[in-house]
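Below: one structure, written as structure tokens.
The values are calculated or read from the model by the stated rules, or taken from the named source; none is laboratory data. This one's a predicted model, so the numbers in the text were calculated from it and none came from an experiment. We place every Cβ from the backbone using ideal geometry, glycine too, and count neighbours over all the protein chains shown.
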Amino acid sequence: MQVNGWSMLYGAVFVIVVALVSGAQLAFDFAWPYVASLLFLALFGSALAFGAYMTLMGRIGADRAAYTAVAIPIVALLLSTAFEHLRWHLETFSGVAACLGGIALALRRRPT
């Protein structure tokens, strides 16, 4: 968890530096929906999710746990389709096909 905290700090500093160098103005929306969504993502989308991932890695190994990195975008697309009425295009289907193809290639049995 400590490494995760430092990684998040380094990432945040990097993003702020890039934003300032590119001339972007830093702003924060204090409206409750924005603050609530930010807190939700910080807690569940980062801290707890990373802890769950580390637990998964410990139980099934880093190689098999890494497949979540390919599956998560597909789940996100399905959720966006259901709740945000995402319209799929050729690029969307191509991306999903690439993800599934990558998983299929990684899981295929290698000749002995």
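Here are a few things to note about the model shown:
- Taking the criterion of being surrounded by 14 or more Cβ atoms within 10 Å (Cβ to Cβ) and in a helix (DSSP H, G or I), the only residue of the range 81-92 that qualifies is T92.
- Residue selected from the range 49-101 under the condition of a type in the set (V, I, T) and under 26 Å from L39 (Cα atoms), by the criterion modelled with the highest pLDDT: T81
- Failed item, numbered, when Y53 is tested on (1) more than 14 Å from the chain's Cα centre (by Cα); (2) closer than 24 Å to L9 by Cβ; (3) surrounded by 13 or more Cβ atoms within 10 Å (Cβ to Cβ); (4) not hydrophobic (A, V, I, L, M, F, W, C): (1)
- Residue check, R64 closer than 26 Å to T92 by Cα and either touching a Ser or Thr at 6+ places or on another chain (Cβ under 8 Å) or of a type in the set (K, R) (or both): yes
- Condition check for S80 on (1) under 28 Å from A104 (Cβ atoms); (2) in contact (Cβ under 8 Å) with a residue 12 or more places away in the chain: one failure, at (2).
- The listed residue being β-branched (V, I, T), out of contact with any Pro (no Cβ under 7 Å at 6 or more places or on another chain) and exposed (fewer than 13 other Cβ atoms within 10 Å of the Cβ), out of I60, I74: I60
- Restricting S46, S37 to residues that are among the polar types (S, T, N, Q) and closer than 25 Å to Q2 by Cβ narrows the list to S46.
- Extreme residue, farthest from R108 (Cα to Cα), among residues of the range 51-76 that are β-branched (V, I, T) and free of Cβ contacts under 8 Å to residues at least 12 places away in the same chain: T55
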